[in-house]
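S.K.: Dropping a structure here in structure tokens format, bear with me for questions.
What follows draws every value from the coordinates through simple rules; no lab data is involved. Keep in mind it's a predicted model, so treat the numbers as computed, not measured. Here the Cβ is made from the backbone with ideal geometry for all residues, glycine too, and neighbour counts use every protein chain on show.
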Amino acid sequence: MGRKMIKAVFFDLDDTIVDTTRLAEMARRNAIENMIRHGLPADFDTAYGELLDLISEYGSNFSRHFDYLLRRLELPYNPKWVSAGVIAYHNTKIAYLKSVRGARRTLLQLKKEGYILGIITDGNPVKQWEKILRLELDEYFDHVLISDELGVKKPHPRIFRKALQRADLKPEEAVMVGDRLYSDIYGAKRVGMTTVWFRYGKYADRELEYLDYADLTIERLEEIPRVLRGLEIEESEAGADKEVHSD
């Protein structure tokens with residue numbers, strides 16, 4: 001058997017390996033409910049709407065959402081209410097954190113087939129590592145790159161080039177799998193990687209203006225080993241065709 005052209009598969013983390021969209025919504029709802037249960041004088045819809053606005057404005061990694069929520073609701077600071085929100089949020093995350101269906105099986109299969117595996121993700125390094133470690137997924141990955149550690153977010157080419165550099169790979173030897181057409185697919189394609197769009201989660205029908213940057217589209221992670229074999233066959237046939245024409 002000839003040397004593999006595709007040597008590595010890099011994955012986004014949120015809504016590609018870890019099922020986070022539903023988890024985040026559930027955690028935020030439970031946080032507001034627990035704050036109200038412990039005396040927050042606000043109705044659920046108003047408080048939840050303000051929380052979503054805060055997240056939109058300050059980002060999901062902002063550390064003082066619940067403090068600022070009280071200001072938005074024109075309420076005095078109350079550590080009991082803030083603590084109630086924090087506790088419910090984290091308890092929900094811990095209780096319901098799970099990998100995307102088929103993720104573990106797919107990673108195991110790719111490992112068996114000899115691929116280098118990596119993660120390229122945006123976000124807070126501690127939060128992202130917490131997801132990886134809680135789900136005991138770290139053993140599958142050879143390289144983990146998190147944007148906040150590098151100072152650039154996807155789709156900036158530097159984060160993809162850094163991943164290739166760490167794995168000692170050329171762009172054509174690596175595949176990027178992600179749920180975001182803009183940050184994952186457009187970003188990776190610009191540096192020459194093969195791209196596989198995982199049509200899943202809240203971005204399943206968004207950013208479609210970047211669809212042309214996806215070499216392949218999948219609906220289930222279990223499709224990846226078959227997709228990679230198809231790419232190997234295409235490359236093998238292309239190589240044989242070159243040899244024939246060079247004679």
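S.K.: If you take the beta carbon distance between Glu74 and Tyr182 as r and set R0 to 30 Å, what does 1/(1 + (r/R0)^6) give as a FRET efficiency, to the nearest 0.05?
M.R.: Values: r = 37 Å, r/R0 = 1.22.
Calculated value: 0.25.
S.K.: By the gyration tensor of its Cα atoms, with a ≥ b ≥ c the square roots of the eigenvalues, what is the shape of region 21-96: rounded for a/c under 1.5, prolate for a/b over b/c, or oblate?
M.R.: Details: a/c = 1.56, a/b = 1.21, b/c = 1.29.
Here region 21-96 falls in the oblate category.
S.K.: How large is the charge dipole for region 21-96, taken about the Cα centre, if only the Cβ atoms of Lys, Arg (+1) and Asp, Glu (-1) carry charge, to the nearest 20 debye?
M.R.: Rounded to the nearest 20 debye, it is 320 debye.
S.K.: Let me ask something else. About the Cα centre, and with charges only on the beta carbon of Lys, Arg (+1) and Asp, Glu (-1), how big is the dipole of region 65-173? Nearest 20 debye, please.
M.R.: It comes to approximately 300 debye.
S.K.: Longer than 28 Å from Cα to Cα, which of Lys111/Lys154; Lys131/Lys153; Lys170/Lys202; Lys98/Lys170; Lys98/Lys154 are they? Say none if no pair is.
M.R.: With Cα atoms farther than 28 Å apart: Lys170/Lys202; Lys98/Lys170.
S.K.: Taking +1 at the Cβ of each Lys and Arg and -1 at the Cβ of each Asp and Glu, which of Thr46, His156, Leu70 sits farthest along the dipole of the chain towards its positive end, judged by Cα position relative to the Cα centre?
M.R.: Among Thr46, His156, Leu70, the one farthest towards the positive end of the dipole of the chain is Leu70.
S.K.: Of all DSSP beta bridges in the chain, what percent run antiparallel (nearest 5)?
M.R.: 5
S.K.: If I require 15 Å or longer along the helix axis, counting alpha carbons, and a Kyte-Doolittle average no lower than -1.0, what helices from the chain are left? Use full DSSP H segments.
M.R.: 21-37, 44-58, 79-96, 224-246
S.K.: If you stretched the chain out fully between Ala95 and Asp205, how much longer would it get, using 0.36 nm times the residue separation minus the C-alpha to C-alpha distance?
M.R.: The Ala95-Asp205 span can extend by a further 36.8 nm.
S.K.: So between Trp129 and Glu232, what do we pick up on full extension, going 0.36 nm a residue minus the alpha carbon distance?
M.R.: 33.9 nm
S.K.: Counting helices only, and only those DSSP H runs with n ≥ 4, report the 222 nm mean residue ellipticity of the chain as the sum of -39,500 (n - 2.57) divided by its residues, in deg cm²/dmol to the nearest 500.
M.R.: -15000 deg cm²/dmol
S.K.: Extension gain Asp53-Arg37, at 0.36 nm per residue separation less the Cα-Cα distance, in nm?
M.R.: 3.6 nm
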